[in-house]
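Peer 1: A single structure is presented below for examination.
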Amino acid sequence: MKLNPLLFLAAAAAVAAPLPPPAQQLDLDKLPSQSKVIDQVVVPVPSEVFAALDKLGKPRWAGLIHREASKAKPVGEAPQIALMLGSIIAEGFIAVEAEDTEEVKDIGRAILSFSNAIGVRKAVVRRANSIIEFADKKKWLKVRGELDGALNDVREAMVELNSESLAHLVSVGGWLRGTEVVATLVSSDYSRDGAELLHQPGLLEYFQRTLGGMKSRLRDHALTVKVRKGLADIRPLAGGDDARVSQKSAKEIAAIAGDLVKAISSKP
Amino acid sequence: MKKILLLAVLTIFATNAARAYVDDAHSRAMEAATPQAKQGFLVRQEYWAGTLATKQPSVVKHQLFKGNTYWFWLGSDEDSAQVTVHIYDPKGNLADAEAWQKGNKAAVKVVPKVTGTYYISFSIDQSKAKKNRWALAYGYK
């Protein structure tokens with residue numbers, strides 16, 4: 001059988017048809033009518049911003065760990081436990097930065113205890129055990145992956161239990177603790193690049209929107225109200241269109257986020 | 001005998017239910033991520049996913065931090081699909097540091113020059129299917 005070289009070339013050209021080059025500019029207000037802007041938001045984990053901070057100079061992470069967090073017991077109603085759980089997972093990322101094996105293992109156990117209190121223990125058992133196992137072996141990249149996985153599994157389990165709002169609160173709790181640490185670090189050793197890491201307008205808008213859109217039982221919970229107010233106070237400090245965040249603003253963000261983390265972990 | 005039959009039927013149901021949760025589009029995205037995962041990029045567990053018509057451009061907004069390097073990986077479960085992905089900075093300028101596409105997988109690398117909200121633009125440029133399942137994952141280092 002003879003191959004027709006022209007047909008072969010045509011087929012090859014069809015397979016390797018060059019795709020058009022990307023547009024140099026994207027104008028969200030002028031997208032083609034059939035375009036779709038995806039509403040789903042993936043919240044960065046604290047270790048993403050910690051990784052960026054690490055490149056600016058090695059912070060002394062060990063001094064930033066809230067050691068009482070891993071010993072804490074679940075208190076209050078479901079919204080508070082969800083916020084605490086997020087904050088504890090964030091604490092795990094701080095302990096990983098400090099490469100503190102025992103603290104990370106305690107946090108693995110605390111994640112189990114809080115997940116149990118909120119009815120999602122089953123979803124997170126394997127992750128918690130892996131956190132403890134990898135911490136023992138000092139495989140920090142793996143621990144980071146398992147903390148991220150624990151956060152994801154807890155949230156997915158909550159969504160399956162029709163508790164999407166609680167899943168949002170877990171994210172907010174983690175974000176607040178991560179932000180407190182970053183703001184504390186950059187306000188005490190200020191640099192423009194470091195402070196710029198606090199410029200997160202899209203995330204702040206998203207958190208305010210999701211918390212504001214919750215059912216009144218959750219939206220009007222005393223702690224949720226406090227968190228919503230705190231987020232509203234942080235938003236102008238974290239910069240608008242301009243990514244610059246001043247040392248004074250960073251200090252204020254640290255204070256607001258710190259107060260909220262304290263409120264989250266206090267008895268009602 | 002009845003008990004054995006019942007067990008067999010339940011096993012088949014359980015297996016099918018488990019399979020239903022496998023996201024093939026995400027699996028393709030993870031295949032695209034393999035080289036970077038080996039280089040120490042932390043691949044996030046959470047990802048974006050949905051269905052798209054062919055040639056329907058889509059945009060995801062995401063917070064990126066200056067100092068990190070990111071890769072975004074796009075996959076589709078449709079074998080005939082040709083997918084593309086690119087990234088734009090907060091001012092809407094193309095910010096691809098590197099990009100590739102191969103059939104139903106594509107990826108883009110970005111080294112953010114500023115911290116802020118970036119726009120990941122993607123589309124299914126060609127496909128035999130009318131609707132295509134897609135998944136977009138990312139990793140950082």
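Peer 1: Between A:ASN162 and A:GLU77, what is the label-to-label distance in nm when each label sits 7 Å out along the Cα-to-Cβ direction?
Peer 2: Calculated label separation equals 1.7 nm.
Peer 1: What ³J(HN,Hα) values, in whole Hz, does the Karplus curve 6.51 cos²θ - 1.76 cosθ + 1.60 give for the stretch B:104-110 when θ = phi - 60°, with x put for Gly and Pro?
Peer 2: Rounded to whole hertz, the list is 8, 10, 8, 8, 9, 10, 9.
Peer 1: Between A:ALA232 and A:ASN129, with labels modelled 7 Å along Cα→Cβ, what's the label distance in nm to one decimal, could you check?
Peer 2: 4.6 nm
Peer 1: Also, I was wondering about something else. Which of rounded, prolate, oblate describes the stretch A:116-240, given a ≥ b ≥ c as roots of the alpha-carbon gyration tensor eigenvalues and a/c under 1.5 marking rounded, otherwise prolate only if a/b is larger than b/c?
Peer 2: Cα axes put the stretch A:116-240 in the oblate bin.
Peer 1: I would also like to ask the following. Please determine, in degrees from 0 to 90 and to the nearest 10, the orientation of helix A:164-188 with respect to the longest principal axis defined by the Cα atoms of chain A, where the helix direction is its Cα long axis.
Peer 2: 80 degrees
Peer 1: Which whole-Hz couplings ³J(HN,Hα) result when phi for each residue of the stretch B:64-77 is put into the Karplus expression 6.51 cos²θ - 1.76 cosθ + 1.60, θ = phi - 60°, listed in order with x for Gly and Pro?
Peer 2: After applying 6.51 cos²θ - 1.76 cosθ + 1.60, I find 10, 10, 4, x, 8, 10, 10, 10, 10, 10, 10, x, 10, 7 Hz.
Peer 1: Place a +1 charge on the Cβ of each Lys and Arg in chain A and a -1 charge on the Cβ of each Asp and Glu, then give the dipole magnitude about the Cα centre in debye, rounded to the nearest 20.
Peer 2: Using only the charged Cβ atoms, the result is roughly 460 debye.
Peer 1: Run the dipole for the stretch A:178-268 about the Cα centre, Lys and Arg Cβ at +1, Asp and Glu Cβ at -1, nothing else charged, and hand back the magnitude in debye, nearest 20.
Peer 2: Charge dipole of the stretch A:178-268: 580 debye, to the nearest 20.
Peer 1: About the Cα centre, and with charges only on the beta carbon of Lys, Arg (+1) and Asp, Glu (-1), how big is the dipole of the stretch A:41-118? Nearest 20 debye, please.
Peer 2: Charge dipole, the stretch A:41-118, about its Cα centre: 60 debye, nearest 20.
Peer 1: Using the Karplus curve 6.51 cos²θ - 1.76 cosθ + 1.60 with θ = phi - 60°, what ³J(HN,Hα) values do you get for each residue of the stretch A:42-53, in whole Hz, with x for Gly and Pro?
Peer 2: Couplings: 9, 7, x, 7, x, 5, 5, 6, 5, 4, 5, 5 Hz.
Peer 1: Using only Cα atoms, tell me the angle between helix B:2-20 and the longest principal axis of chain B; keep it within 0 to 90° and round to the nearest 10.
Peer 2: 10 degrees
Peer 1: Which whole-number percentage describes the relative contact order of the stretch A:157-268, with Cα contacts under 8 Å and a sequence gap of 6 or more?
Peer 2: Contact order relative to length: 37 percent.
Peer 1: Just to verify a number: FRET efficiency for B:ASP96 and B:THR34, C-beta to C-beta distance, R0 = 22 Å, to 0.05?
Peer 2: Approximately 0.60, to the nearest 0.05.
Peer 1: If I fit a long axis through the Cα atoms of helix A:5-15 and take the longest principal axis of the Cα atoms of chain A, what angle between them do I get, 0 to 90°, rounded to 10?
Peer 2: Computed tilt is about 20 degrees.
Peer 1: So, one more: Taking R0 as 25 Å, what's the FRET efficiency between A:LYS30 and A:GLU205 from their Cβ-Cβ distance, rounded to 0.05?
Peer 2: Using R0 = 25 Å, I get an efficiency of 0.70.
Peer 1: May I pose another question? Less than 14 Å Cβ to Cβ from A:VAL75, Lys/Arg counted +1 and Asp/Glu -1: what total charge do the surrounding residues give?
Peer 2: Spelling it out: positives minus negatives among the neighbours equals +2.
Peer 1: Sticking with this structure for a sec: For chain A, what does the helix formula give at 222 nm: sum of -39500 (n - 2.57) over DSSP H segments with n ≥ 4, over the residue count, nearest 500 deg cm²/dmol?
Peer 2: My calculation for chain A gives -21000 deg cm²/dmol from helical runs alone.
Peer 1: Next question. Please go through the residue pairs A:LYS71/A:LYS142; A:LYS215/A:LYS248; A:LYS122/B:LYS102; A:LYS55/B:LYS38 and name each one whose alpha carbons sit more than 31 Å apart in this structure.
Peer 2: A:LYS215/A:LYS248; A:LYS122/B:LYS102
Peer 1: If amide H atoms are built 1.01 Å from N in the plane of the peptide, which residues on other chains or at least 5 residues away come under 5 Å of the amide H of A:LEU26?
Peer 2: B:ASN93, B:LEU94
Values quoted throughout were computed directly from the atomic coordinates according to the rules given, and no laboratory measurement underlies them. Since this is a predicted model, take the numbers as computed values, not measurements. Every residue, glycine among them, receives a Cβ derived from its backbone with ideal geometry; neighbour counts consider all protein chains shown.
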